[in-house]
1. In chain A, which longest range has no GluC sites (Glu not before Pro) that are both DSSP loop (not H, G, I, E or B) and surrounded by at most 12 other Cβ atoms within 10 Å?
2. With all protein chains present and a 1.4 Å probe, how do B:PHE97, B:PHE128 order by accessible area, largest first?
3. Of all alpha-carbon pairs in the stretch A:1-112, indicate the percentage at a distance above 16 angstrom.
4. Determine the order of A:SER228, A:SER92, B:SER59 by accessible area, beginning with the largest, at a probe radius of 1.4 Å.
5. What does the charge count near B:GLN184 come to, summing +1 for each Lys or Arg and -1 for each Asp or Glu among other residues with Cβ under 14 Å from its Cβ?
6. If you take the square roots of the eigenvalues of the alpha-carbon gyration tensor of the stretch B:108-168 and sort them as a ≥ b ≥ c, do you get rounded (a/c under 1.5), prolate (a/b over b/c) or oblate?
7. At most 10 other Cβ atoms within 10 Å and a DSSP loop assignment: could you name the trypsin sites (Lys or Arg not before Pro) in the stretch A:274-321 that fit?
8. Under a 5 Å amide H to amide H cut-off, with H placed in plane at 1.01 Å, what residues pair with A:ARG53 once short-range neighbours are removed?
Amino acid sequence: MTRPTRGFPACHYCGNCGAGCDTASFFCSADHLLPFAQETGRLEIVSNAVVARILTGENGLARGVQYFDRRTGAERQVLARVVVVGASCVDSTRILLNSTSAAHPNGIGNGSDVIGRYLCEQIRLHAVGYFPALAGTPTRNDRGIGGEHIYMPRFNHRPGRGRDYLRGFGMQFWNTGASVSGAHSLSATIPGFGASLKKEIKARHPAWFEMHPYGEVLPYAHNRIMVSKSRVDRYGVPLPHIDYRIGENERKMALHMADTMEEIVKAAGGVLVNYRRGLIDAMGSAIHEHGTCRMGADPKRSALNGFNQMHEVNNVFVVDGSAFPNASEKNPTLTILALAWRATDRLAEEMKNGNL
Amino acid sequence: MGTSEDLRLNRRRVLRTLATGAAGVATSPLWVEALIALSDEAGQIRAHAHASQPAVAASWTPKALTPAQNETVIVLTELIIPETDTPGARGALVNRFIDDVLQKAPQGERESFVRGLGWLDRQSRTLFRSDFAAATPAQQADLLTRLSAEGNPAREQQAGLDFFRVVKAMTITGYYTTEIGLRQELGDPGQLYLPRFAGCDHPEHQA
């Protein structure tokens, strides 16, 4: 937080955010949302509850959820006026598709058959290397917040920067400078052994860098999450099955990503290590899944309205990345949070007005 | 060291790495990539644990390896990262790290590693009429130089090259995730591995 918020001070820019913040100046729900909700005395948190299905009544509306206690395996239910789903894209989709009933044979709220389809997971490439100009310089404390340190926003919308594909990509720069992961996994690529190897590892320690472009994948109906007909988890609940492939548009984008990485490294005087042009990271590496329960104005082509509320089942809200109609090339968490916040404001309003 | 669950979890990373083919030479067998990824992950976990428990037990016996195999590992890892103005792999107890990783690794990977040690001894006996650990430092270095050589190896050398690749990566990981390797040798503040963040003490940043 750049300013004092909810009684917590502004960021001091002196910690390792990835390990948690001593002053709670890093926004997270455990510091900034849940304690305030608990203070109302109207929140009960049930941990270790693995939700399997949304239960529906004869009117087709949701009436609660069925879950299993992770420690004992016991099956339980929570009954509710409204169900808000936020289990992350893949698992929310699985829950929705597993929530079949006479009113919802294709999964709850899925008369349109869009739930599970249009899975958008970004494509990711990566390159690692080092800057000879930095080799042998003192180790610096410049690793950043723990992960990406520098972010290069999408640029291909600028004049003269576009290419023959739709949408675009941004890039994250990781472990710039002193890199612990650089000290081991990459150092093993340095030839030889002995004192000369040790010297070379030390020289390169402050010089490593990693580049990770993330690109948007268009929403395709054939990229989809289904639930398995044969494989179940230990509670007997069908597992997700994912069909996913990238298309021509993404392949063209990946080439632009590779060209961009190579151009940056060349201009900066870097040396790439173990670089294989054209290699795309395994599908799912970006862990930014979206799109399988998308919002939209048309109930035939979307599952949720503009407030994350199901078109077909108005007492179910889905508030994670699955609600996005496309992925974008960016990290989605803050947008997910903003949309969820907006959806729950709407939910409170609707309850107040007696519509739910 | 992490729990076996940590290592299981990270097999996913191994598979991901293999799927991308990004981490290494395409011709490396599965066990090579698997052990490297497992040790990479174990190194991260250990670096954190080390920060809170820097003391190490004085008495220790290998669990995955025999005492003789452990001796070979000590000699081999010290050749890879030797003592200079800072301690080497022996001083940083890299052999214990490797034994820990092997203990938690799947049986197949563990056996492949042990076969690699066997290969090293056989090769050493062929060349120098002595097990590797008992050969002279010059002979040991000679053998490792052959395993470090660039270019296309003879087919019978491949097993040795695979093994050396694993041992080298595990040694580097095991060494540079210790107090000795990270702080003393690299001069890294190691702030990612502080046992706890004491808090920012800049007066202007206090609430």
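1. A:59-356
2. From most exposed to least exposed: B:PHE128, B:PHE97.
3. 70 percent
4. Working: A:SER228 25, A:SER92 0, B:SER59 95 Å².
In descending accessible area the options line up as B:SER59, A:SER228, A:SER92.
5. Within the 14 Å Cβ shell, the charges total -2.
6. oblate
7. Within the stretch A:274-321, the qualifying trypsin sites (Lys or Arg not before Pro) (loop, at most 10 other Cβ atoms within 10 Å) are A:LYS300.
8. Residues meeting the criterion, in which the H sits 1.01 Å from N, are A:GLN66.
The values are calculated or read from the model by the stated rules, or taken from the named source; none is laboratory data. Please read all numbers here as calculations on a predicted model, not as lab measurements. Every residue, glycine as well, gets a Cβ built from its backbone with ideal geometry; the counts of neighbours run over all protein chains shown. Note: accessible area is taken over every heavy atom of the protein model, side chains too, but ligands, DNA and RNA are not part of it. Shrake-Rupley method; radii C 1.70, N 1.55, O 1.52, S 1.80 Å.
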